[in-house]
Amino acid sequence: MDTSRISFGEMVAGASGVALFLIMLVFSWFGYDVGTGVQGLAIDTPGLTAFEWMSFLDIVLLVVCIIAVGVAGARAAGSIPQLPYPPGLIVAVAGGLAVLIILFRVIVPGEGPLSGGIESLSIDATRKIGAFLGLIAAAGITFGGYTAMNERRTGQAPPA
């Protein structure tokens, strides 16, 4: 593995892919606000990770992480296969998809594991820090893919 083959954009996308995976695994993304409990105190439940909250979209985000890290790893190994589109474009589009998914979930968090009408239970979904950190990491994947796409127009290594 020769890390000197990796361009700046591929390095940013790969590092952001690893960061997004760790953020999805470790940080709380969403939680439930149960409302007012005894004596008017608000009860806030511990948060749930992206893998616990999302049913299908977490798999899509995981595939985006694999694409971002896989392109950087394949470039370092010197074994980028012939693809129909430049690898930087593929990473940029995948990162853009991740940004849209996470932004959608930040705006409309959904019901999470308590599907079946949480409105009737007076429970609100709350956003935690992991969702916003995940959005930043997905933006990093998009930026890295876009930068890599512009660094390697001919598919060759950038000049030293």
Point to revise | Residue list for segment 81-95, filter: assigned to a loop (DSSP other than H, G, I, E, B) and either closer than 7 Å to Gly145 by Cβ or of a type outside the set (S, T, N, Q) (or both) | key: Pro81, Leu83, Pro84, Tyr85, Pro86
Point to revise | Test set (1) modelled with pLDDT of 90 or more; (2) surrounded by fewer than 19 Cβ atoms within 10 Å (Cβ to Cβ) - Ala137 fails condition number | key: (2)
Check your understanding: Mind checking whether some residue in segment 71-83 is within 17 Å of the chain's Cα centre (by Cα) and touching a residue at least 24 places away in the same chain (Cβ under 8 Å)?
Key -> yes
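The values are calculated or read from the model by the stated rules, or taken from the named source; none is laboratory data. In this text the structure is predicted, and so the values were computed from the model without any measurement. With ideal geometry, Cβ positions are generated from the backbone for all residues, glycine too; neighbour counts draw on all protein chains shown.
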